[in-house]
Amino acid sequence: MDEQALSVRDAIISRRSIKSFNGQPVEQSEIADILEDAIWAPNHGNRNPWRFVLAAEGNYQDFLEVLRDFGVPKWKELSDDTLEKQMSKYTKASAAMFVIVPEDARQKQRLEDFAAASTMIQNVQLLAWDKGIGTCWKTPGFLDDPKFREALGVDAGERIISMFQFGHFDELPKAKPRTPIEDVVTYWQVATPE
Ligand SMILES: Cc1cc2nc3c(=O)[nH]c(=O)nc-3n(C[C@H](O)[C@H](O)[C@H](O)COP(=O)(O)O)c2cc1C
């Protein structure tokens, strides 16, 4: 087992979503190693309800072309400068991974599968963080664009639940405070007979 730099607790608390990348490369093999571990996420019925389309290294440029061409149709109306500004959110990252889950016709199973894939994605975030790689789970509107789905080879009955970015970064974003647990926990009290 690899040596772990961060405790589980430290990884959970210190991880931040990285939205500004510095363009330093992340190798495809590093991401593949992270996925090998992340898929040990809990998943009901051992359905392994996920598959991935990974655009890394040279293939990341191909993804950027898809994005520029027809992933975001409304961007076509932007001036060149504004388009480049929008694109910089993507060009400075090193890889994009699309997480695709089956949309089970049964509601219970569909919810379980989405939940399982979400736990797997958090594993990816924490494992990457432990290696000093920044990530962000993104859900841009174009994930549901039929042309974009077609470009990725996503079938009817599947949903892209995340555009997941990997990259290196210079600045650690400030943590956004969470709602204190006192506000969200009700401690169970069993009424004692008088
Ligand atoms: C399901 C989901 C969807 C998200 N979609 C986006 C997104 O589209 N764009 C974005 O900038 N961040 C997105 N985020 C990241 C959150 O904005 C981020 O987690 C939040 O700001 C808290 O920051 P932290 O992760 O650094 O604690 C998403 C996170 C989740 C869990």
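Taking VAL26 as the residue in question, decide whether it is of a type in the set (Val, Ile, Thr), open to solvent by less than 40 Å² (accessible area, probe 1.4 Å) and at pLDDT below 95. Can you show your working first?
On the way: of a type in the set (Val, Ile, Thr): yes; open to solvent by less than 40 Å² (accessible area, probe 1.4 Å): yes; at pLDDT below 95: no.
So VAL26 does not fit the description; no.
Scanning the range 130-148 for residues that are within 16 Å of SER20 (Cα to Cα) and not in a loop (DSSP other than H, G, I, E, B) yields GLY134, THR135, CYS136, TRP137, LYS138. Being open to solvent by 80 Å² or more (accessible area, probe 1.4 Å) and either β-branched (Val, Ile, Thr) or closer than 19 Å to ILE161 by Cα (or both) is the filter here, so list the residues in the range 29-45 that pass it. Scanning the range 29-45 gives TRP40, PRO42, HIS44. Of everything in the range 101-129 that is in a helix (DSSP H, G or I) and in contact with a Gly (Cβ under 8 Å, 6 or more places away or on another chain), the residue that is surrounded by the fewest Cβ atoms within 10 Å (Cβ to Cβ) is GLN109. Is it the case, given these coordinates, that ALA156 is assigned to a loop (DSSP other than H, G, I, E, B) and in contact with a Phe, Trp or Tyr (Cβ under 6 Å, 6 or more places away or on another chain)? Taking the combined requirement at face value, the residue does not satisfy it. Selection of first residues in the range 13-41 that are at positive phi and of second residues that are assigned to a loop (DSSP other than H, G, I, E, B) and within 16 Å of the ligand (Cβ to nearest atom), restricted to Cβ pairs under 7 Å at least 6 apart or on distinct chains, gives the following pairs, ordered by first then second residue: GLY23/LYS92.
Candidates GLU171, GLU112: the one that is of a type in the set (Asp, Glu) and within 16 Å of the ligand (Cβ to nearest atom) is GLU171.
The values are calculated or read from the model by the stated rules, or taken from the named source; none is laboratory data. Everything numeric in this text was worked out from a predicted model, so none of it was measured. So basically every Cβ, Gly included, is an ideal-geometry build from the backbone, and we count neighbours across all protein chains shown. For accessibility, only protein heavy atoms count, side chains too; no ligands or nucleic acids. Shrake-Rupley method; radii C 1.70, N 1.55, O 1.52, S 1.80 Å.
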